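*Asks:* Below is a structure I'd like to ask you about.
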Amino acid sequence: MDFGRSERGGGRKRIPSAIKILIAGGFGAGKTTLVGAVSETTPLRTEETLTNRSVGVDDISGVEAKATTTVAMDFGRITIKDQYVLYLFGTPGQERFWFVWDELALGALGAVVLADTRKLADCFPSVDFFERRGTPFVVAVNCFEGARQYALDEVRMALGIAPSIPVILCDARKRDSGKEVLINLVQHAMLTRGKRPRPENVTS
Amino acid sequence: MRSPEEFNEDRWLDEEAGPIVRPYVMTRGRTEPTRGKFDLISLVVATRTPSPVEIGLGPEHLTILRLCDDFLSVAEIAARMDLPAGTIRVLLGDLLDRGFIDVQEPHPETELDDDCFYQAVIDGLRSL
C-alpha cells in the first residue's frame, strides 16, 4: 500500500491526502442536505457493492454465506488548502443495511449523527454502531422548523450517550452551521483518538 | 427488410432501462481489479496520455484518464461516469497496471492519531 506522498508521480502532480467523514442518522434527518450545504459542489451519488465480511476476509469456507448488497450513497467534497480533501458520505438510512457500515466506517476520521427530535429513535442504530466500533462521533440535532426545541441535555439523556460526546444544535441547510458541526467533530476526534488504544492492540 | 420505424416500435430500451452496455461488459466479466485496492476515497491522477493507437484501452478507460487530469477520488469517478464503484475499480486496475495513473490510498485508521493532522484540518475548515 502506498502511504504518504506517492513517489511514482515524480512530484509532477501533488496529490493531497483524502479524509472520510460519515454523515449518519435516520431517513429524512437531513444527511444529504448537510452534505450539500458544506460541500464545494452539489452532492454526487455513487453505488457501492458491500460485503458482510465480519466472518473474516480470507475465510473461503464462508463464501456461500457472504451477503452482498448494493447501496447508494450521497457524498460531497471539501478541499482544504491543496493539502487535504475531505469527503463526506451520507450513509444509507435503511436500518436493514446496518451491517454494511463497518466497511463504510473503515478509515473514517469520524462521524456526525444527525438527529431529528421528532423521531429521535431513528438515530439510535447509528449511535450504537459508532459507540461499539469506537469511531469518534458527535450528535448534531437538526433544528427543523415547527419541531419542539429540546434542551441539549434532554437529547443527551434520551440517547443515553456519554458526557464526553458532543451534542450540538445545527441547521443542516446552512453552510456555517454545517462547518461548525464538522469542526466540533474533528476536535472531538483529536481528543478521543489520542486516548484510546490503537485498534491492533485491542484485537491482540 | 423492416423500415427504421418498425424497429423503433420494437424498441424496449429507454433511459429507464439503463445503459445498453452493461458494466460487466466493460470489465470483460471481471469483478476484481488485477492490481490495487482502490478505496472509495483513494485519489487517482493520470500520469501520461495514451497514444492514439493504444491497444487494449476501451472508451471508459479513456474517459477515466480525461477525468483524472486533476486528481479525483474513486467515488467521484464512479459518480461522474454513472457506473458502480466496483466497475471503476476494475478499469482503474488496468490503468494502474499499464502505468497510466498514480493512486494515493487514504491513511489507515491506525495512523489517525497525529495532532498536527487534526489541527490542520480544523484550521482549514475554519478558513473556508
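*Asks:* Hey, can you tell me all the residues within the stretch A:83-122 that are modelled with pLDDT under 85 and either among the acidic types (Asp, Glu) or in a helix (DSSP H, G or I) (or both)?
*Replies:* Of everything in the stretch A:83-122, those that are modelled with pLDDT under 85 and either among the acidic types (Asp, Glu) or in a helix (DSSP H, G or I) (or both) turn out to be A:Glu95, A:Arg96, A:Phe97, A:Trp98, A:Phe99, A:Val100, A:Trp101, A:Asp102, A:Glu103, A:Leu104.
*Asks:* Can you find even one residue in the stretch B:19-33 that is modelled with pLDDT under 80, loosely packed, with under 11 Cβ neighbours inside 10 Å, over 16 Å from B:Gly99 (Cα atoms) and more than 9 Å from chain A (Cβ to nearest Cβ)?
*Replies:* yes
*Asks:* If you don't mind, there's one more thing I want to ask. Taking the condition part of a helix (DSSP H, G or I), at pLDDT 90 or above and over 19 Å from A:Gly76 (Cα atoms), does B:Gly124 pass?
*Replies:* no
*Asks:* Which of (1) modelled with pLDDT of 90 or more; (2) assigned to a strand (DSSP E or B); (3) polar (S, T, N, Q) does A:Thr42 not meet, given it meets every other one?
*Replies:* Result: A:Thr42 passes all but (2).
*Asks:* Are any residues in the stretch B:39-66 among the hydrophobic types (A, V, I, L, M, F, W, C) and either within 23 Å of A:Val71 (Cβ to Cβ) or outside any helix (DSSP H, G or I) (or both), and if so, which ones?
*Replies:* Selection gives B:Leu40, B:Ile41, B:Leu43, B:Val44, B:Val45, B:Ala46, B:Val53, B:Ile55, B:Leu57, B:Ile64.
Yes/no per residue for (1) under 17 Å from B:Leu40 (Cα atoms); (2) in contact with a helix residue (DSSP H, G or I) (Cβ under 9 Å, 6 or more places away or on another chain); (3) at pLDDT below 95:
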| residue | (1), (2), (3) |
| --- | --- |
| A:Met1 | yes, no, yes |
| A:Ser6 | no, no, yes |
| A:Gly9 | no, no, yes |
| A:Pro16 | yes, no, yes |
| A:Gly25 | no, yes, yes |
| A:Glu48 | yes, yes, yes |
| A:Asp58 | no, no, yes |
| A:Gly62 | no, no, yes |
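*Asks:* Then there is this: Taking B:Leu92 as meeting all but one of (1) more than 20 Å from A:Ala108 (Cβ to Cβ); (2) out of contact with any Phe, Trp or Tyr (no Cβ under 6 Å at 6 or more places or on another chain); (3) modelled with pLDDT of 95 or more, write down the number of the exception.
*Replies:* (2)
*Asks:* Take the residues of the stretch B:87-106 that are surrounded by fewer than 18 Cβ atoms within 10 Å (Cβ to Cβ) and either part of a loop (DSSP other than H, G, I, E, B) or in contact with a helix residue (DSSP H, G or I) (Cβ under 7 Å, 6 or more places away or on another chain) (or both): which is farthest from the other protein chains (Cβ to nearest Cβ)?
*Replies:* This residue is B:Arg98.
*Asks:* Can you pull out the residues in the stretch B:108-128 that are surrounded by fewer than 18 Cβ atoms within 10 Å (Cβ to Cβ) and either within 7 Å of chain A (Cβ to nearest Cβ) or touching a residue at least 40 places away in the same chain (Cβ under 8 Å) (or both)?
*Replies:* The answer is B:Pro108, B:Thr110, B:Asp113, B:Asp115, B:Ala120, B:Arg126, B:Leu128.
The values are calculated or read from the model by the stated rules, or taken from the named source; none is laboratory data. On a predicted model such as this, the values are computed, not experimentally measured, just so you know. Every residue, glycine as well, gets a Cβ built from its backbone with ideal geometry; the counts of neighbours run over all protein chains shown.
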